[in-house]
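Values quoted throughout were computed directly from the atomic coordinates according to the rules given, and no laboratory measurement underlies them. Just so we're clear, the structure is a prediction, and the values are computed from it rather than from any experiment. Because the Cβ atoms are built from the backbone with ideal geometry, glycine has one as well, and the counts that use them run over all protein chains shown.
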Amino acid sequence: MFWPMLAVVLGFLGIAVLGVLAVRVFAQVRRLSREVGTATERIQRATEDLERAAVPLASRMHDMGRDRS
């Protein structure tokens, strides 16, 4: 009777440990997804800033090309 009860207890403990690890993984995945979302927004803002900064430069280069012709 001892061995079957020990097997049940160890099985339960194994499932409990897997459950705790699954919760920790879930929490880390949520944190990572928030970080990825924040980084994506920052990259988008930087891209928009770069595009705004490139427009005057491109027009100046275009004007310089016309002056040479």
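Just a few scattered comments:
- Rg(Cα) / (2.2 N^0.38 Å) computed for the stretch 1-42, rounded to two decimals: 2.01
- Cα long-axis angle, helix 2-68 against the chain (0 to 90 degrees, to the nearest 10): 0 degrees
- Förster radius 35 Å - calculated FRET efficiency between Leu32 and Leu10 (Cβ-Cβ, nearest 0.05): 0.60
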